[in-house]
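Some notes on the structure that comes next.
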Ligand SMILES: [Ca+2]
Ligand SMILES: [Ca+2]
Ligand SMILES: [Ca+2]
């Protein structure tokens, strides 16, 4: 995992990092009925209702594995996406509200987990001193199709919504 972690940010765009997010400790646990059943983390859309900054937020999506390893989610080149208020980035499907401006988000890096596996989806805003956490979505995989739907906490001065799901890989 250290090796994978050290390569974050340097992976060539287009290289699919299909990394099982199960930690070695998890893999050593007694098998359950669904052990080893792979689930794909699917990104649907990400809507910016209100920005953290004025003008544009520079955002990125990361997936944090159970051992703390950080994986690039989007943009796949490790950069950030300039986002205006009202923008709704669409990966695989739109759950954008009326009045938003839908934009094709392009590719994201597909990751997999297993039934019972835990990971966290984070959306960050790039800043000069200390980036701003826009969304933090802890997920524990139930083993089947599972919706992921999260809003920024109220009262933060910004508002984002991430939609996605888990599905059998
Ligand atoms: Ca900005
Ligand atoms: Ca910024
Ligand atoms: Ca900021």
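Here are a few things to note about the model shown:
- Simple spin-label estimate for residue 126 and residue 156 in nanometres, 7 Å along Cα-Cβ: 1.9 nm
- Rg/Rg_globular for the range 59-169, with Rg_globular taken as 2.2 N^0.38 Å and Rg from C-alpha atoms: 1.06
- Distance between the pseudo-spin-label points of residue 148 and residue 98 (7 Å out from Cα toward the beta carbon): 3.0 nm.
A short reminder: the numbers here are calculations on the coordinates, not readings from a lab. All values derive from a computational prediction rather than experimental measurement. Here Cβ is always computed from backbone atoms with ideal geometry, including for glycine, and neighbour counts include all displayed protein chains.
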